[in-house]
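Asks: This is the structure I have questions about; it appears just below.
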Amino acid sequence: MFRDITIGQYYPANSLIHKLDSRVKIIATFIFIIDLFIANNYIGYGITSIFLGIIIFLSKVPIKYMLKGLKAIFVIILITGALNIFMTPGEHVLWSYKGITITGEGLYTAGLMATRLIFLIIGSSILTLTTSPIQLTDGIESILNPFKKIGIPAHEVAMMMTIALRFIPILLEETDKIMKAQMARGADFESGGIIKRAKSLIPLLVPLFISAFRRAEELAMAMEARCYRGGENRTRMKQLVIENKDYIAMTIIAIFTLIMILIRFI
Amino acid sequence: MAIKFEKVTHVYSKGTPFEKIALNNINIHIKKGEFVGIIGHTGSGKSTLIQHFNGLLKPTEGTITVLGKKLNDKDTSLKEIRQKVGLVFQYPEHQLFEMTIFKDVAFGPQNMGLSKEEVEARVKEALDMVGIKEDMYEKSPFELSGGQKRRVAIAGVLAMKPEILVLDEPTAGLDPKGRDEILTQIQRLHKTLGITVILVSHSMEDIAKLVDRIIVMHKGKVALNGAPVSVFEHVEELEKMGLAAPQIMYIMKALKEKGLDVSTNILTVEEGAKEIASILKKQK
Ligand SMILES: Nc1ncnc2c1ncn2[C@@H]1O[C@H](COP(=O)(O)OP(=O)(O)OP(=O)(O)O)[C@@H](O)[C@H]1O
Ligand SMILES: [Mg+2]
């Protein structure tokens, strides 16, 4: 049941995108998101969709798998779309009823916004789908490192992220297990009004919280037992190295950004 | 027939790179009143198998019939099946949630919609069976030791008075005395009430002592299926699967090799002691 949630879950494969340095991918994704806000017309988004298509193809992640993540935020896309359709003032009134109007401008912005959101999700899920959590946090730590001097605890932030990411599947698994155990005792999580349903969650949430605290405590103890003492002087098994393909990737994202700027301002 | 599996296959996370065939074309029959043991190496699919018994997991392929009802039929009430098939999970103590032991055990019977008196009677009976005394009823389940929590959790399922009782490693991590108490209790339930019991265990000794039939799981398939004596005859096969025969069988074999004319079809220490004593008497 719960294990099937896959938003942003790492998809192991052997592709060019998978092999890129995680720092490059993080920064490129960041730039890509900014580019999405620079682009403000359909020509820009047309080029973006081709760009994304090529990257998805190179990443060897099946399209189906990638779109599954979109399903979860489908409602959000719908709501923003609807808000834009009804809230945008404009001259080309298409339909009007008791003060509610739909304008041509509204439809246009709604379309743009929805596309932007979808690209945003796809862009960032390419990052998490092709980068294992360990590489991701290593990358973040390495990017944050220069800011240590101004007091940003790079290693601690990265460690916290690693642990949080690691705990997501564990907690989902645990939820699944407890839910089944309570269902075996006749618990019903699906039917009834809102109050009954909220009440029916107690047999699930209490054991879940207890187990989360227990796990956190055990983890802390295990880390201490293995003499964990923060990032000072720690070396890594896998050093991050920038290679030729990473330079090429950076060049490509720079060119893409340039194109986005040109399209907007010319 | 209590439980019937026909060509049952279960695949986890189908269609993703994490796809895992946990059950592969399983065919089994379990008769009413039978005491069946399931053994198998870690990850062989035992827990997956038993979660199909009450419809918590649905087979990817194949049909399952429980107490005469096909589980994938639309008009089969899974709620009813879950009352009749009591499932005690691995580490059941992690599912406790109520303020008091009494209330926690009452959760199952209450969900069945029984009257208050009936619920109370059942809870008392179930807690009595697992050896939890009346003065503990109002304690929080979280104050208990691991073994006591386990008993309360098992009582929570017993209180539903299932016709089929399925236990997934109920004695893992208990001390020898606690283990014996729980197993004796299960055996008594089987004998006095005649309920069908299915026991998953890693202890060959417990299995040999208790069950009428053993199903050996290996990599999602049924590798062996039969009476304990006939299953434990295949020692080499079992060892290849990461399992073993009960210790006493090895002792009897070693004795035989050393020239003592004992039977090697011995499964429990008691039987073994008797056999050796009788042979020694004859030799005198
Ligand atoms: N929810 C799940 N999602 C994906 N794979 C799973 C899930 N549950 C179990 N598996 C996999 O299915 C296989 C069988 O697991 P199962 O829990 O049935 O084994 P088991 O025989 O009960 O082992 P153990 O003796 O350790 O309890 C294992 O390889 C396991 O990794
Ligand atoms: Mg198991």
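Asks: Leaving out ligands, DNA and RNA, calculate the buried accessible area for the pair A and B with a 1.4 Å probe, summed over both sides, in Å² to the nearest 100.
Replies: For A against B, buried area totals roughly 2100 Å².
Asks: Quick one: which residues, 5+ away or cross-chain, put their amide H under 5 Å from the amide H of B:LEU23? H built at 1.01 Å from N.
Replies: Close amide H contacts, sequence-distant or interchain: B:HIS10.
Asks: Is there a quick way to get the dipole size of chain A? I mean about its Cα centre, with the Cβ of Lys and Arg at +1 and of Asp and Glu at -1; what is the value in debye to the nearest 20? Can you show the working numbers first?
Replies: Details: 28 positive and 19 negative charges, 91 e Å.
It works out to roughly 440 debye.
Asks: Residue-wise, which Karplus ³J(HN,Hα) couplings in Hz belong to the range A:138-150, taking 6.51 cos²θ - 1.76 cosθ + 1.60, θ = phi - 60°, and x for glycine or proline?
Replies: These are the phi-based 3J(HN,Hα) values: 4, x, 5, 4, 5, 5, 6, 3, x, 8, 4, 4, 8 Hz.
Asks: Accessible area of the protein assembly as shown with a 1.4 Å probe: how many percent of it is carbon plus sulfur? Kindly include the intermediate steps, with their values, before the conclusion.
Replies: Values: 18410 of 29870 Å².
Summing carbon and sulfur atoms, their accessible area is 62 percent of the total for the protein assembly as shown.
Asks: Per residue, how much accessible surface does chain A expose to a 1.4 Å probe? Answer in Å², no decimals. Intermediate values should be presented prior to the final figure.
Replies: On the way: 16270 Å² over 266 residues.
Averaged over the residues of chain A, the accessible area is 61 Å².
Asks: Translational diffusion coefficient, Stokes-Einstein: compute it for the protein assembly as shown using the Kirkwood radius over C-alpha pairs as Rh, at 25 °C and 0.890 mPa s, and state it as an integer in µm² s⁻¹. All intermediate terms of the calculation are to be shown ahead of the outcome.
Replies: Working: Rh = 28.3 Å.
Answer from the Stokes-Einstein relation: 87 µm²/s.
Asks: Let me ask another. Taking the dipole about the Cα centre of the range A:133-234, with the C-beta of Lys and Arg at +1 and of Asp and Glu at -1, give me whichever of A:LEU136, A:ILE152, A:GLN182 is farthest to the positive side.
Replies: In the range A:133-234, that residue is A:GLN182.
Asks: Ok, one more. How many angstrom separate the Cα center of the range A:20-84 from the Cα center of the range A:184-256?
Replies: Using only Cα atoms to place each centre, the spacing works out to 24 Å.
Asks: Between the helical axis of B:176-193 and the dominant principal axis of chain B, each derived from Cα atoms, what acute angle in degrees is found, rounded to the nearest 10?
Replies: It is inclined by approximately 70 degrees.
Asks: Residues with amide H under 5 Å of B:VAL88's amide H, sequence separation 5 or more or different chain, H placed in the peptide plane at 1.01 Å from N; which?
Replies: B:VAL166, B:LEU167, B:ASP168
Asks: What average count of beta carbons from other chains do you get within 10 Å of the Cβ of residues in A:182-193?
Replies: Details: counts 6, 8, 20, 19, 12, 5, 2, 0, 0, 0, 0, 0.
Partner Cβ neighbours, averaged per residue: 6.
Asks: Picking from B:LEU238, B:LEU193, B:GLY131, whose Cα lies most toward the positive end of the charge dipole for chain B (charges on Cβ: Lys, Arg +1; Asp, Glu -1)?
Replies: Value computed over the given set: B:LEU238.
Asks: For B:LYS240, give me every one of the aspartates and glutamates with a C-alpha distance below 20 angstrom, ignoring sequence neighbours fewer than eight places off in its own chain.
Replies: B:GLU205
Asks: Average partner chain C-beta neighbours within 10 Å, per residue of B:91-102?
Replies: On the way: counts 2, 3, 1, 9, 14, 5, 11, 3, 1, 0, 0, 0.
Rounded to a whole number, the mean comes out at 4.
Asks: Give me a single rounded figure for B:9-21: the average over its residues of other chain Cβ atoms within 10 Å of their Cβ.
Replies: So the per-residue partner count for this stretch is 3.
Asks: Where does each of A:241-251, A:105-115 land if you order them by average Cβ count within 10 Å, highest first? Present the calculation step by step, with values, prior to reporting the outcome.
Replies: Details: A:241-251: 13.1, A:105-115: 17.8.
Sorting A:241-251, A:105-115 by mean packing, highest first, produces A:105-115, A:241-251.
Asks: Using the structure shown, select from A:LYS177/B:LYS58; B:LYS31/B:LYS177; A:LYS60/A:LYS245; A:LYS25/A:LYS238; A:LYS19/A:LYS149 the pairs with a Cα to Cα distance greater than 22 angstrom. Please report the intermediate quantities before stating the final value.
Replies: Numbers: A:LYS177/B:LYS58 15 Å; B:LYS31/B:LYS177 31 Å; A:LYS60/A:LYS245 17 Å; A:LYS25/A:LYS238 17 Å; A:LYS19/A:LYS149 30 Å.
Table pairs above 22 Å Cα-Cα are B:LYS31/B:LYS177; A:LYS19/A:LYS149.
Asks: P(r) tail for the range A:133-234, what percent of Cα pairs lie past 23 Å?
Replies: Values: 2453 of 5151 pairs.
Every Cα pair in the range A:133-234 considered, those over 23 Å come to 48 percent.
Asks: Note the angle between two axes, namely the Cα long axis of helix B:116-129 and the longest principal axis of the Cα atoms of chain B, as a number of degrees from 0 to 90, rounded to the nearest 10.
Replies: Computed tilt is about 20 degrees.
Asks: Show me, for the range B:148-165, the HN-Hα J-couplings you get by feeding each phi into the Karplus relation (A = 6.51, B = -1.76, C = 1.60, θ = phi - 60°), rounded to Hz, glycine and proline as x.
Replies: With coefficients 6.51, -1.76 and 1.60, one gets 5, 4, 4, 4, 4, 5, 5, 4, x, 7, 4, 4, 7, 6, x, 7, 10, 10 Hz.
Asks: Using θ = phi - 60° and the Karplus form 6.51 cos²θ - 1.76 cosθ + 1.60, what ³J(HN,Hα) does each residue of the range B:210-227 get, whole Hz, x for Gly and Pro?
Replies: 9, 8, 8, 8, 10, 10, 9, 9, 8, 6, x, 10, 7, 8, 9, 7, x, 5
Asks: If amide hydrogens are placed 1.01 Å from N in the peptide plane, which non-local residues have theirs closer than 5 Å to the one on B:GLY40?
Replies: Here B:MET217 satisfy the definition.
Asks: Moving to a separate point now. Name the residue farthest towards the positive end of the dipole of chain A from the options A:PRO169, A:TYR42, A:GLY53, assuming +1 on Cβ of Lys and Arg, -1 on Cβ of Asp and Glu, about the Cα centre.
Replies: A:PRO169
Asks: Around B:ALA153, under 12 Å between beta carbons, what's the net of Lys plus Arg minus Asp minus Glu among the other residues? Don't skip to the end; give the middle numbers.
Replies: Details: positive: A:ARG185, B:LYS149, B:ARG150, B:ARG151; negative: B:GLU93, B:GLU98, B:ASP104, B:ASP168.
Result for the neighbourhood of B:ALA153: 0.
Asks: Only four residue types carry charge here, +1 at the Cβ of Lys and Arg and -1 at the Cβ of Asp and Glu. Report the dipole size of the protein assembly as shown about the Cα centre in Debye, rounded to the nearest 20.
Replies: On the way: 68 positive and 56 negative charges, 129 e Å.
It works out to roughly 620 debye.
Asks: Starting from the Cα coordinates of the range B:137-284, work out the convex hull volume and express it per residue in Å³. Could you put the intermediate results ahead of the total?
Replies: Working: hull volume 22.3 nm³, N = 148.
It comes to 151 Å³ per residue, whole-number rounded.
Asks: Which percent, to the nearest 5, of DSSP beta bridges fully inside the protein assembly as shown are antiparallel? Numbers along the way, then the final one.
Replies: On the way: 23 of 41 bridges.
Antiparallel bridges make up about 55 percent of those DSSP assigns within the protein assembly as shown.
Asks: Here is a follow-up. Provide the per residue accessible area, probe 1.4 Å, for the range B:43-106, rounded to a whole number of square angstrom. Don't skip to the end; give the middle numbers.
Replies: Details: 2530 Å² over 64 residues.
Per residue, the range B:43-106 has 40 Å² of solvent-accessible surface.
Asks: Based on Cβ point charges of +1 for Lys and Arg and -1 for Asp and Glu, what charge dipole magnitude is obtained for chain B about its Cα centre, in debye rounded to the nearest 20?
Replies: On the way: 40 positive and 37 negative charges, 125 e Å.
Computed about the Cα centre, the dipole is about 600 debye.
Asks: Another question about this same structure. Within the set of other residues whose C-beta is less than 14 Å from the C-beta of B:ILE38, count the net charge using Lys and Arg as +1 and Asp and Glu as -1. Show your work: numbers first, answer last.
Replies: Details: positive: B:LYS46, B:ARG213, B:LYS221; negative: B:GLU34, B:ASP168, B:GLU169, B:ASP206, B:ASP212.
Within the 14 Å Cβ shell, the charges total -2.
Asks: For the range B:3-245, compute Rg over Rh where Rg is the Cα radius of gyration and Rh is the Kirkwood radius from the inverse mean 1/r over Cα pairs. Walk me through the numbers on the way to the answer.
Replies: Values: Rg = 18.1 Å, Rh = 18.6 Å.
In the range B:3-245, Rg relative to Rh is 0.97.
Asks: Using a 10 Å cut-off on Cβ atoms, rank the peptides A:86-93, B:137-144, B:93-100 from the highest mean neighbour count down. Mind showing how you got there, number by number?
Replies: On the way: A:86-93: 12.2, B:137-144: 14.9, B:93-100: 19.8.
For the peptides A:86-93, B:137-144, B:93-100, the packing ranking is B:93-100, B:137-144, A:86-93.
Asks: Taking a cut-off of 22 Å between Cα atoms, list the lysines near B:LYS274, but don't count ones fewer than 8 places away on the same chain.
Replies: B:LYS209, B:LYS253, B:LYS256, B:LYS258, B:LYS282, B:LYS284
Asks: How would you rank A:129-135, A:39-45, highest first, on the average number of other Cβ atoms within 10 Å across their residues?
Replies: Working: A:129-135: 20.1, A:39-45: 16.4.
By packing density, highest mean first, the sequence is A:129-135, A:39-45.
Asks: So if I average 1/r over every pair of distinct C-alpha atoms in chain A and take the inverse, what Kirkwood radius in Å does that give?
Replies: Working: mean 1/r = 0.0451 Å⁻¹.
It is 22.2 Å.
The values are calculated or read from the model by the stated rules, or taken from the named source; none is laboratory data. No experiment lies behind these values; they were computed from the predicted model shown. Counting neighbours? That spans all protein chains shown, and the Cβs are built from the backbone with ideal geometry, glycine included. We work out accessible area using only protein heavy atoms, side chains counted, and drop any ligands, DNA or RNA first. Shrake-Rupley method; radii C 1.70, N 1.55, O 1.52, S 1.80 Å.
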